[in-house]
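In what follows, a single structure is set out as structure tokens and then discussed.
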Amino acid sequence: MRCRVKVCGITSVADAQMVCAAGVDAIGLVFYPKSKRNLEIVQAAEICRAVSPFVTTVGLFLDADADFVREVLAVVPLDVLQFHGSETPDYCRQFPRPYMKAVGMKGLAASGGFHAYADCYPDAQGFLVDSHAPGAAGGTGETFDWTQVPQDYPKPIILAGGLTPENVAQAIRTSRVYAVDVSSGVESSPGVKDAAKVAAFMAGVAASA
């Protein structure tokens, strides 16, 4: 089965159209004010209208007020929600969308490990593993030991953290994940995607097969 690709931190219609043309499976829109890639609701809705058919739109939130998430969903046609903070299972499941839960792998073993954490979210569609500490913001652009990615968990695992065109093939071969998630690794500056880097990243993913 081929590895899927999500490009996160899309901030413009032009970049959304460019990554769709490159063949990505999903784009990520950030709704976190402290992020350099944070979007206003109207801006995000405009981007979603420009997305090609069969490309999934994912909204990223970090410990957001539930009313804010509902406000976004009332205007922005997101397909999936991605929660990156300390959100509880009850919080995550209250919205009328499927969700993924981010799992910070740094120091996770000390609190029971991946399986114990993920099992608390039985209705999550999948889990995104990143290099940050549990509950932290992520988006650090740092890698972690890909051999830590669980090989036997029954739900899809998405690998994030420091992925680039140069290392993505090895990352996929090592982790054997369902999908990879990239942001800064295909940018010319924060929030601005680089077409050549996106193409090279897609080529790296294809080379991993």
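The values are calculated or read from the model by the stated rules, or taken from the named source; none is laboratory data. Note that the coordinates shown come from a computational prediction; the quantities given were computed from them, not determined experimentally. Neighbour counts run over all protein chains shown; Cβ positions are idealised from the backbone, glycine included.
Quick notes on this one:
- Here THR174 passes the criteria (1) modelled with pLDDT under 90; (2) farther than 19 Å from GLN82 by Cβ; (3) among the polar types (S, T, N, Q) except the one numbered (1).
- Criterion (within 20 Å of CYS20 (Cβ to Cβ) and over 15 Å from the mean Cα position of the chain (by Cα)) met by exactly one of ASP181, ASP152, ASP194: ASP194
- Residue list for the stretch 48-67, restricted to those being charged (D, E, K, R), surrounded by 13 or more Cβ atoms within 10 Å (Cβ to Cβ) and more than 18 Å from PRO96 (Cα to Cα): none
- The single condition among (1) touching a residue at least 40 places away in the same chain (Cβ under 8 Å); (2) more than 27 Å from SER208 (Cβ to Cβ); (3) of a type in the set (Val, Ile, Thr) that VAL13 does not satisfy is (1).
- Exclusive hit being modelled with pLDDT of 95 or more and surrounded by 20 or more Cβ atoms within 10 Å (Cβ to Cβ), set GLU166, GLU87: GLU87
- From the list ALA26, ALA45, the one residue that fits, being more than 17 Å from the chain's Cα centre (by Cα) and not hydroxyl-bearing (Ser, Thr, Tyr), is ALA45.
- Near pairs, Cβ below 8 angstrom, 6+ apart or cross-chain, from the stretch 120-142 (of a type in the set (D, E, K, R) and assigned to a loop (DSSP other than H, G, I, E, B)) to any residue that is surrounded by fewer than 17 Cβ atoms within 10 Å (Cβ to Cβ) and at pLDDT below 60: none
Okay, residues lined up against (1) modelled with pLDDT of 95 or more; (2) among the small types (Gly, Ala, Ser):
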position	(1), (2)
HIS132	no, no
ALA137	no, yes
GLN170	yes, no
SER188	yes, yes
ALA203	yes, yes
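- Matching option when the condition is farther than 22 Å from PRO165 by Cβ, at pLDDT 95 or above and either in contact with a His (Cβ under 8 Å, 6 or more places away or on another chain) or not acidic (Asp, Glu) (or both), among ALA21, ALA66: ALA66
- Every condition in (1) modelled with pLDDT under 95; (2) surrounded by fewer than 17 Cβ atoms within 10 Å (Cβ to Cβ); (3) of a type outside the set (A, V, I, L, M) holds for TRP146 except the one numbered (2).
- Note on the stretch 98-109: residues that are under 22 Å from LEU62 (Cβ atoms) and either in a helix (DSSP H, G or I) or modelled with pLDDT under 90 (or both) amount to 5.
- Taken together, the residues in the stretch 169-193 that are over 24 Å from TYR121 (Cβ atoms), surrounded by fewer than 17 Cβ atoms within 10 Å (Cβ to Cβ) and free of Cβ contacts under 8 Å to residues at least 60 places away in the same chain amount to 5.
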